[in-house]
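The values are calculated or read from the model by the stated rules, or taken from the named source; none is laboratory data. In this text, all values refer to a predicted model and were calculated from it rather than measured experimentally. Cβ: placed from backbone, ideal geometry, glycine included. Neighbour counts: every protein chain shown. Quick note on the areas: whole protein, heavy atoms, side chains included, nothing else; ligands and nucleic acids left out. Shrake-Rupley method; radii C 1.70, N 1.55, O 1.52, S 1.80 Å.
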Amino acid sequence: MKRRSDGTVVALTPGRQRLSDEFFNRPCLQVAVDLLGKTLVRKLDDGSLLRCKIVETECYLGVTDKACHTFGGRRTEKNAPMYMKPGTSYVYFTYGMYHCFNISSQEEGSAVLLRAAEPLEGEDTMQLHRQASQRSAKEKSYKTHELCNGPAKLCMALAIDRFTCNAKDLTLWPEMWFEEAPKPEECVVTSTRVGIDSVEEEWRLKPLRFYLLGNKSVSKRDKIQEGVIPS
């Protein structure tokens, strides 16, 4: 357990440290790569914990990045968390139905998008959350690797939304945090970002997505880049 100055108790995994300001107050690219393998913990209202291993991230470099919500120094009520201290959550709503979860980093207006995670604890609850979000009348059961294998799926499984989880300091907030974890054994694949087809080619093709090779929870593989990695 970790007790904050206000008396709030946060349950940490035995032997694990909560990621601090120092981790997030670094260049966006470094944070995006180093988040791979770390543990994301979500504490629900009933006190139960959901844990997952981060397996895929994307880097958005801030005011200079044409694929970023803050490109050109754009400031709105929506993107305000991207300008807050490194380690602040930025949860936005997209396509009128999905949430995406980001963490601010060092450069002005920059953030790391969490694209996929591997469930570690609370799989049954994640399953219920995913099923509750289904728009089809026919209930579907998800395989473990399908629960968080995309940015919107991750948010649904962990009950992350803009109403409860946005603009939170993830180094202090007792409802969600990141924990240290052993360095992943898998190689890191570097690829292009996903879902930014409208952005000009220079930025669309920048290698700013990272994932763990061979992990089944990754949302989209890049077989060409995987073939470059020495066996």
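For the reader, a short list of remarks on this structure follows.
- The set of residues in segment 193-231 being hydroxyl-bearing (Ser, Thr, Tyr) and open to solvent by less than 50 Å² (accessible area, probe 1.4 Å) consists of Tyr211, Ser217, Ser219.
- Those residues of segment 152-191 which are crowded, with 18+ Cβ neighbours inside 10 Å and on the phi > 0 side of the Ramachandran plot, in sequence order: Ala159
- Where a residue in segment 180-191 is in contact (Cβ under 8 Å) with a residue 24 or more places away in the chain and its partner, wherever it lies, is polar (S, T, N, Q) and in a strand (DSSP E or B), with Cβ under 7 Å and at least six apart: Ala181/Thr39
- Taking every residue in segment 127-153 that is under 21 Å from Phe210 (Cα atoms) and among the small types (Gly, Ala, Ser) and pairing it with any residue that is surrounded by 15 or more Cβ atoms within 10 Å (Cβ to Cβ) and modelled with pLDDT of 95 or more, at least 6 positions away or on another chain, the pairs with Cβ-Cβ distances below 8 Å are Gly150/Arg115; Gly150/Ala116; Gly150/Ser219; Ala152/His99; Ala152/Cys100.
- Hits in segment 124-151 - residues which are surrounded by fewer than 18 Cβ atoms within 10 Å (Cβ to Cβ) and closer than 17 Å to Val55 by Cα: Lys143, Thr144, His145, Glu146
- Taken over segment 156-215, the criterion of being assigned to a loop (DSSP other than H, G, I, E, B), modelled with pLDDT of 95 or more, farther than 24 Å from Tyr83 by Cβ and of a type outside the set (Asp, Glu) is satisfied by Leu158, Ala159, Ala181, Cys187, Thr192, Val194, Leu205, Pro207, Leu213, Gly214, Asn215.
- Of the strands (runs of 3 or more DSSP E) entirely within segment 82-125, those holding at least 2 residues that are of a type in the set (Ser, Thr, Tyr) occupy 89-94, 98-104.
- Any hit, segment 16-32, residues being out of contact with any helix residue (DSSP H, G or I) (no Cβ under 8 Å at 6 or more places or on another chain) and at pLDDT below 95: yes
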